[in-house]
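Trainee: Below you will find the structure I want to go over with you.
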Amino acid sequence: MTAVVLDIEGTVCPISFVKDVLFPYALKALPDVVNREWNREGDFQLYKDGFKELFPESLASPEAFIECVQLLSHEDSKTPPLKNLQGYLWKVGYHSGEIKAPIYEDAYEKIKEWHSNGTPVYIYSSGSIAAQKLLFAYTPFGDLNKYLSGYFDPSTVGPKQDPDSYKMIQDQIGTGFKILFLSDNVNELEAASKCGLEARLVERSGNAEVTDELKGKYSVLRTFKSL
């Protein structure tokens, strides 16, 4: 049996959505949310406390916290506390209708087809699992989470460029499955290949250029219709 693991940005939706819509929205919403929720009981305290171990100095004041988050965001840090906080901030935008995820139509059609055929589809992204679920809940095609079998992120299985992460994914999906992994990132594909996954390179408009030499290492697809 086959199982599918999908990257998100540059694979099922434009890479520009994350960089040009989600990241700026989180930074724009950050000051108001932090100043309003700093001493108030509620969900924000969980995300704030997530910074305690790695960035204890950020909890000195709302200003220090905002500065730390802004710095990590501009560095495109993949640290779990930042990713979890971003998901919390994006939730407001999704719920208000300000944000809708522009999932590629060919990706939507293929995910739906895989689901109907009994092929389990999983998501593996640098964004938190909560953020992944939000993204797939608010699309032009409705809530797509019903077609997905599970989610992975760095806090649950490890970094996306580490082969051990894909070994953990294999263990969780089950050894009876042949796993197809689709991504626009050749470093992720290399890590997945080392664990025996079938890794294929996704080329979309706006994605980073990949050399012909690297393209030669992986089967390249420009639309999910070719799968």
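Each reported figure results from applying straightforward, stated rules to the coordinates on display, with no laboratory input. Predicted model only: the values in this text are computed from it and were never measured. Here the Cβ positions follow ideal geometry from the backbone for every residue, glycine too, while neighbour counts run over all protein chains shown.
Trainee: Taking the stretch 49-132 as the region of interest, what is the percent of Cα-Cα pairs per 10 angstrom bin, listed from the shortest bin to the one with the maximum distance?
Mentor: Answer for the stretch 49-132: a P(r) of 15, 35, 30, 14, 7, 0 percent.
Trainee: For the stretch 18-96, how big is Rg over Rh, using alpha carbon atoms and the Kirkwood form of Rh?
Mentor: Answer for the stretch 18-96: 0.92.
Trainee: For the stretch 38-95 and the stretch 99-119, compute the distance between their C-alpha centroids and round to whole Å.
Mentor: 31
Trainee: To continue, here is another question. Assign one of three labels to the stretch 61-194, namely rounded, prolate or oblate, based on the Cα gyration tensor with a ≥ b ≥ c the square roots of its eigenvalues; rounded applies when a/c is under 1.5, prolate when it is not and a/b is larger than b/c, and oblate otherwise.
Mentor: It comes out oblate by the Cα gyration axes.
Trainee: Which entries in the list LYS178/LYS217; LYS28/LYS225; LYS48/LYS112; LYS100/LYS194; LYS100/LYS146; LYS146/LYS194 go over 27 Å, if you measure between the two C-alpha atoms of each?
Mentor: Pairs exceeding the cut-off: LYS28/LYS225; LYS48/LYS112; LYS100/LYS194; LYS146/LYS194.
Trainee: Can you tell me the order of 190-200, 125-135 when each peptide is scored by its average per-residue count of other Cβ atoms within 10 angstrom, highest first?
Mentor: Numbers: 190-200: 19.0, 125-135: 22.5.
Averaged packing, sorted descending, gives the order 125-135, 190-200.
Trainee: Running a GNM on the chain with Cα contacts under 10 Å, which residue among GLY174, GLY50, GLY150 ends up with the highest mean-square fluctuation?
Mentor: GLY174
Trainee: Relative contact order for the stretch 18-96: what is it in percent, counting Cα pairs under 8 Å that are at least 6 residues apart?
Mentor: Normalised by residue count, the contact order of the stretch 18-96 is 37 percent.
Trainee: May I ask you to list the residues of the stretch 113-156 whose amide nitrogen lies under 18 Å from a point 7 Å from Cα along the Cα→beta-carbon direction of SER205?
Mentor: Taking a point 7 Å out along Cα→Cβ of SER205, the residues of the stretch 113-156 whose backbone N falls under 18 Å are 140.
Trainee: For every helix of n ≥ 4 consecutive DSSP H residues, a contribution of -39,500 (n - 2.57) applies; sum these over the chain, divide by its total residues, and give [θ] at 222 nm rounded to the nearest 500 deg cm²/dmol.
Mentor: -13000 deg cm²/dmol, from helical runs alone.
Trainee: Shifting gears a bit: Short version: ³J(HN,Hα) in whole Hz for each residue of the stretch 20-31, in order, from phi by Karplus 6.51 cos²θ - 1.76 cosθ + 1.60 (θ = phi - 60°), x for Gly and Pro, what are they?
Mentor: Those phi angles translate into 9, 10, 5, 4, x, 4, 4, 5, 5, 6, 3, x Hz.
Trainee: A further question on this structure: Can you tell me the orientation of helix 80-96 relative to the chain, as the angle in degrees between its alpha-carbon axis and the longest Cα principal axis, to the nearest 10?
Mentor: 90
Trainee: Simple spin-label model, 7 Å along Cα-to-Cβ: ASP20 to ASP164 in nm?
Mentor: In this crude label model, ASP20 to ASP164 measures out at 3.8 nm.
Trainee: Would you kindly derive the ³J(HN,Hα) couplings of the stretch 180-197 from the backbone phi angles with the Karplus curve 6.51 cos²θ - 1.76 cosθ + 1.60 (θ = phi - 60°), listing them in order in whole Hz, with x for Gly and Pro?
Mentor: Each residue of the stretch 180-197 in turn: 9, 10, 10, 7, 9, 9, 5, 5, 5, 4, 5, 4, 5, 4, 5, 9, x, 6 Hz.
Trainee: ILE123's amide H: which non-local residues (gap 5+, or another chain) put their own amide H closer than 5 Å, with H modeled 1.01 Å from N in plane and none for Pro or chain starts?
Mentor: Those lying under 5 Å, H to H, from ILE123 are LEU6, GLY150, TYR151, PHE152.
Trainee: For the stretch 120-195, just say rounded, prolate or oblate: build the C-alpha gyration tensor, square-root its eigenvalues into a ≥ b ≥ c, call rounded for a/c under 1.5, and beyond that prolate if a/b exceeds b/c, oblate if not.
Mentor: Prolate shape, in that a/c is at least 1.5 and a/b is the bigger ratio.
Trainee: Can you run phi through the Karplus equation (6.51, -1.76, 1.60; θ = phi - 60°) for the stretch 205-220 and list ³J(HN,Hα) in whole Hz, with x for Gly and Pro?
Mentor: After applying 6.51 cos²θ - 1.76 cosθ + 1.60, I find 4, x, 5, 4, 5, 10, 5, 4, 4, 5, 4, x, 7, 10, 5, 9 Hz.
Trainee: On to the next question. Sort the chain into rounded, prolate or oblate with this rule: let a ≥ b ≥ c be the square roots of the eigenvalues of the Cα gyration tensor; rounded if a/c is under 1.5, and if a/c is not under 1.5, prolate when a/b is larger than b/c, oblate otherwise.
Mentor: prolate
Trainee: What is the list of residues in the stretch 95-127 whose amide nitrogen lies under 17 Å from a point 7 angstrom out from the Cα of SER77, following Cα to Cβ?
Mentor: 126-127
Trainee: Right, something else. Provide the gained length on full extension for the span THR2 to ASN35, in nm with one decimal, where the gain is 0.36 nm per separating residue minus the Cα-Cα distance. Walk me through the numbers before you get to the answer.
Mentor: Details: separation 33, 0.36 × 33 = 11.88 nm, distance 4.78 nm.
Taking THR2 through ASN35 to full extension adds about 7.1 nm, to one decimal.
Trainee: Show me the chymotrypsin sites (Phe, Trp or Tyr not before Pro) within the stretch 1-89 that DSSP assigns to loop and that have at most 16 other Cβ atoms within 10 Å of their Cβ.
Mentor: Those that pass, being in a loop and sparsely packed, are TRP38.
Trainee: What's the extension gain from LYS194 to TYR104 if we count 0.36 nm per residue and subtract their Cα-Cα distance?
Mentor: On the way: separation 90, 0.36 × 90 = 32.40 nm, distance 2.86 nm.
Contour length minus Cα-Cα distance gives 29.5 nm.
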